[in-house]
Amino acid sequence: MDAAAIETIPGLVAADGLPRDVDATALQAWDPVFALQVLPSVVTVHAPSINRLAAAVADHLAGPIDGIAAQWLLHVLVPGMFKGQPKPALQRRASLVAQAVGKRLGRTRRRAWKQRRPTHPRPTLIAQMLLRDAENLWLSIAPTIPLPTGATWPSPLPAGLAAVADDPLAPSSAFRKLEEAFACMGRWPGLGDTAVDLGAAPGGWSRVLLRYRADVIAVDRSPLAASLMADPKMNWLRGDAFKFRPHEPVDWLVSDVAAYPERVVELLDVWCGGKQARSMVVQMKFKGATDWAALDEALAVALRHGFAARARHFFNDKNEVTLMVAPL
């Protein structure tokens, strides 16, 4: 599929070529690894005032939500959100536009407007209103596609960003990456689940698993932080992360181990081929440029063994991508 991509605002890329009716086949080419969020079928709205912007947005929304009986989302966005700015410019104005939209649709599409939710893991439709400057916005209104790895496309998270709470007890900041992966998948470990954490030290990812009340098997040559080692749900095994195999299939495999991309492909081949974990979150790290061949192979390996896989570069990722794997 040919498409021309143009950076319109730093961090925001416009691309032509996406069909208006997206299906699972087209989605393979339109789920870019390094995009936080995708805004399909964008229309441009220009108006000199908040009320006129709101009137235009309400007019565009009225038809798609008319008679809708399932939950849908309205994301109110400004460019600074995609950079993680806590108080981005234009945020107040965008909120005022959204409030005015609500007043209009609350009268003309009252029942449909009541189906709007602030969050939902699998909404039926996502409307995204991106205020580019005081008088111009992009509006995307698209039905969602449920993903076998969890959640939907487009992301049900505003701007594709998970709200990750700070954890002063975490032994490293790496915990943020795993939290983003769980939020993107729309599924989390829980009580009664067994999770394996490969290359676990100092324990940032194990800390996340324990907070979700999973039983954790942490594999590393080095011990974890003392507070984690003392947890009754923690089982630390000294050893090589790539040689470890569970005695029986587990619910989760997570791995933030530093390794060449081809080793990660081998790891997925073993764990997916042996059906040794139901769901997986595995980091692929790069030295220099992204190894697209290895990334493609990792996704193909998962699919070949009956798993769905998705690759994302999250806000807290560095020179790496996160592979999320789940059974088809």
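Every number here is computed from the coordinates shown, using simple stated rules; none is lab data. Because the structure is predicted, anything quoted here is derived from the model rather than measured. Backbone-built Cβ (ideal geometry, glycine too); neighbour counts: all protein chains shown.
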Neighbour counts of other C-beta atoms within 10 Å: give me Thr322, Thr119, Thr290 arranged from fewest to most. Thr119, Thr290, Thr322
With the crude spin-label approximation of a point 7 Å out along Cα→Cβ, what separation in nm comes out for Ala15 versus Leu96? 3.5 nm
Looking at this model, which pairs from Lys287/Lys318; Lys177/Lys318; Lys243/Lys285; Lys243/Lys275; Lys177/Lys243; Lys177/Lys287 are more than 21 angstrom apart at the alpha-carbon? Lys177/Lys243
Taking every DSSP beta bridge that has both residues in the chain, what percent is antiparallel when rounded to the nearest 5? 55 percent
Rg and Dmax of the chain, using alpha carbons, in Å: what are they? 21.4, 65
Quick calc: nm separation of the 7 Å Cα→Cβ label points for Lys114 and Arg52 -> 3.4 nm
Simple label model, 7 Å out from Cα along Cβ direction - Arg278 to Arg263, nm: 3.0 nm
Highest mean first, how do 199-211, 71-83 rank when packing is the count of other Cβ atoms within 10 Å averaged over residues? 199-211, 71-83
Computed lengthening from Gln85 to Trp292, 0.36 nm per intervening residue step minus Cα-Cα distance: 71.6 nm
Give me the extension gain from Asp59 to Ala163: residue separation times 0.36 nm, minus the current Cα-Cα distance, reported in nm with one decimal. 34.4 nm
